[in-house]
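Visitor: After the structure tokens below, expect a handful of questions from me.
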Amino acid sequence: MNNKLFLAIAVIILAACQPAAEEGPAPMKDVVGKYFLIGAAINTDQAAGRDTLAVEAIKRHFNQVTPENCMKQEVVVPRQGEYSFADADQFVAFAEENGLKAVGHCLVWHSQAAPWFFTDNRGNKVSRDTLVQRMHDHIATMVGRYKGRILGWDVVNEAFEDDGTLRKTPYLEIIGPDYLELAFKFAHEADPYVELYYNDYSMAKPEKRDAVCKLVRDLKSKGLRIDGVGMQSHNGCDYPDLKDYEATIDSLAANGVKVMMTELDLNMLPNPEQFGGAEISQNYEFDEKMNPYVNGLDSAAQQLFEERYLAFFDIYSRHRDQISRVTLWGVGDGTSWLNGWPIPGRTNYPLLFDRNYQPKPVIEKIEQLFEK
């Protein structure tokens, strides 16, 4: 064999042995994640490793995870005194095994509460003292079980109406407004080192923004710990107003807390009249006119999708020093809650990964914002 032929064969063999170049965008955790945590809410199939394509996307692109449902009260303690920790334990273990920061969601929320939590065995409302004790015990149990393994907890979720008044929940009606203070107090007692957050939707509305900022100041003035506020960011094609959204980031940061986008997605479908926010009790009948993209977004909708995501991530890039985390509410379009809410049976496209967990082209454009 002559030298030229030998060299040609060697080059071919060496090229075949080289790993194939990665296609698609760089891992978001390596680009966006240099400035703040970039995460996703994951379901039990993903935490268990059964949804293998989702797991690949999570491990490649994210450095933080939040549980969609497995830590919510109705799931973890459906009957009084009978905790079921299997799925929550699995979620925390998945995070640890893959080097992901875990955020607990959530401790005090009027929705998806355990059916027994606010009543006695005769169906009557419990007393203030009883509910305070139940709230204490639940918080102590959850926070205590994962002490040292969780980055932070959404302590109270969605306590305010859009007009800034306290939502009329069983916690408010039975305990009174100080249930928020008690919740943060109990969580800090259970783990003095874990971060504690307040989390809510429609945070760009000035009245709600002002109410949450006041809550932060009130808690701090009483010596209570609150580390951050989650702006859920269930966004749409024409809401929220970007100036108001950005103003909320500045206002929260000015009150000395970390700002987090905790449940980011983008509703691409038409909304029924009177629809708003992210109140899960909203429910409307299926209408084909409200489900226009069964076979995929058309070119105009695709362009709008990219423009809106880039507008939000441009804000995040410019406020990177105030933001500690951006978490998408789901991994891929197919498992997003927005396929079934507020109208069941629709086909939505709210996330950065498609139904096969393939990254959408907008991710590379998002990453360019952080490479400037």
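Visitor: Among (1) without any contact (Cβ under 8 Å) to a residue 24 or more places away in the chain; (2) open to solvent by less than 30 Å² (accessible area, probe 1.4 Å), where does Ala113 come up short?
Guide: (1) is the only condition that Ala113 fails.
Visitor: List every residue pair whose Cβ atoms lie under 7 Å apart, where the two residues are 6 or more positions apart in sequence or sit on different chains, the first residue falls within region 197-216 and is polar (S, T, N, Q), and the second residue, located anywhere, is surrounded by 20 or more Cβ atoms within 10 Å (Cβ to Cβ) and in a loop (DSSP other than H, G, I, E, B).
Guide: Asn199/Gln232
Visitor: A further question follows. Tell me whether region 288-307 contains one or more residues that are touching a strand residue (DSSP E or B) at 6+ places or on another chain (Cβ under 8 Å) and at pLDDT 95 or above.
Guide: Here is the first cut: in region 288-307, the residues touching a strand residue (DSSP E or B) at 6+ places or on another chain (Cβ under 8 Å) are 305.
Next, from what is left, pick out any that are at pLDDT 95 or above: 305.
Yes, the conditions are met somewhere in region 288-307.
Visitor: Sticking with this structure for a sec: Identify, by number, the condition in (1) assigned to a loop (DSSP other than H, G, I, E, B); (2) within 21 Å of the chain's Cα centre (by Cα) that Leu338 doesn't meet.
Guide: Just one mismatch for Leu338, condition (1).
Visitor: What are the residues in region 24-36 that are part of a loop (DSSP other than H, G, I, E, B) and either on the phi > 0 side of the Ramachandran plot or not aliphatic (A, V, I, L, M) (or both), if any?
Guide: Within region 24-36, Gly24, Pro25, Pro27, Tyr35, Phe36 meet the criteria.
Visitor: Of all residues being surrounded by fewer than 19 Cβ atoms within 10 Å (Cβ to Cβ) and of a type outside the set (D, E, K, R) in region 34-67, which is farthest from Glu364 (Cα to Cα)? Just the residue, please.
Guide: Let us first name the residues in region 34-67 that are surrounded by fewer than 19 Cβ atoms within 10 Å (Cβ to Cβ), namely 34-35, 45, 48-50, 52-53, 56, 59-60.
Filter once more, keeping what is of a type outside the set (D, E, K, R): 35, 48-49, 52-53.
Working: Tyr35: 16, Ala48: 29, Gly49: 27, Thr52: 23, Leu53: 20 Å.
Per the stated criteria, the residue is Ala48.
Visitor: Is at least one residue of region 249-261 within 30 Å of Lys185 (Cβ to Cβ), at pLDDT 95 or above, outside any strand (DSSP E or B) and of a type in the set (D, E, K, R)?
Guide: Pass one, region 249-261, residues within 30 Å of Lys185 (Cβ to Cβ): 249-261.
Pick out the ones that are also at pLDDT 95 or above and you get 249-261.
So of that shortlist, the ones also outside any strand (DSSP E or B) come out as 249-257.
Filter once more, so that each one left must be of a type in the set (D, E, K, R): 250.
Within region 249-261, one or more residues are within 30 Å of Lys185 (Cβ to Cβ), at pLDDT 95 or above, outside any strand (DSSP E or B) and of a type in the set (D, E, K, R).
Visitor: Residues being open to solvent by 20 Å² or more (accessible area, probe 1.4 Å) and outside any helix (DSSP H, G or I): count how many of those fall in region 221-241.
Guide: In the first step, residues of region 221-241 are kept if they are open to solvent by 20 Å² or more (accessible area, probe 1.4 Å); the result is 221-225, 227, 234, 237-241.
The next check asks that each one be outside any helix (DSSP H, G or I); those that pass are 222-225, 227, 234, 237-241.
Of the residues in that region, 11 qualify.
Visitor: Still on this structure: Conditions: (1) within 17 Å of His234 (Cβ to Cβ); (2) open to solvent by 60 Å² or more (accessible area, probe 1.4 Å); (3) assigned to a helix (DSSP H, G or I); (4) not hydroxyl-bearing (Ser, Thr, Tyr). Asn283 meets all but one. Number of the miss?
Guide: Unmet for Asn283, out of (1) within 17 Å of His234 (Cβ to Cβ); (2) open to solvent by 60 Å² or more (accessible area, probe 1.4 Å); (3) assigned to a helix (DSSP H, G or I); (4) not hydroxyl-bearing (Ser, Thr, Tyr): (3).
Visitor: Now, a different point. Which one is nearest to the chain's Cα centre (by Cα) among residues in region 70-108 that are among the aromatic types (Phe, Trp, Tyr) and surrounded by fewer than 20 Cβ atoms within 10 Å (Cβ to Cβ)? Explain how you work it out, then say what you get.
Guide: Of the residues in region 70-108, the ones among the aromatic types (Phe, Trp, Tyr) are 83, 85, 91, 94.
Remaining after also requiring surrounded by fewer than 20 Cβ atoms within 10 Å (Cβ to Cβ): 83, 85.
Numbers: Tyr83: 24, Phe85: 21 Å.
Here the residue is Phe85.
Visitor: Of these, Asp210, Asp244, Asp218, which one is within 26 Å of Gly33 (Cα to Cα), at pLDDT 95 or above, open to solvent by 10 Å² or more (accessible area, probe 1.4 Å) and part of a helix (DSSP H, G or I)?
Guide: None of the others qualify; the one that does is Asp244.
Visitor: So, restricting to strands (runs of 3 or more DSSP E) that lie completely within region 37-154, which ones have at least 3 residues that are closer than 20 Å to Leu182 by Cα?
Guide: Details: elements: 37-42, 64-67, 101-108.
Qualifying strands (runs of 3 or more DSSP E): 101-108.
The values are calculated or read from the model by the stated rules, or taken from the named source; none is laboratory data. Being a predicted model, the structure only gives us computed values, none of them experimental. Ideal geometry is used to build each Cβ from the backbone, glycine not excepted, and the neighbour counts take in all protein chains shown. Ligands, DNA and RNA are stripped out before the accessible areas are found, and what is left, the full protein with its side chains, is counted by its heavy atoms. Shrake-Rupley method; radii C 1.70, N 1.55, O 1.52, S 1.80 Å.
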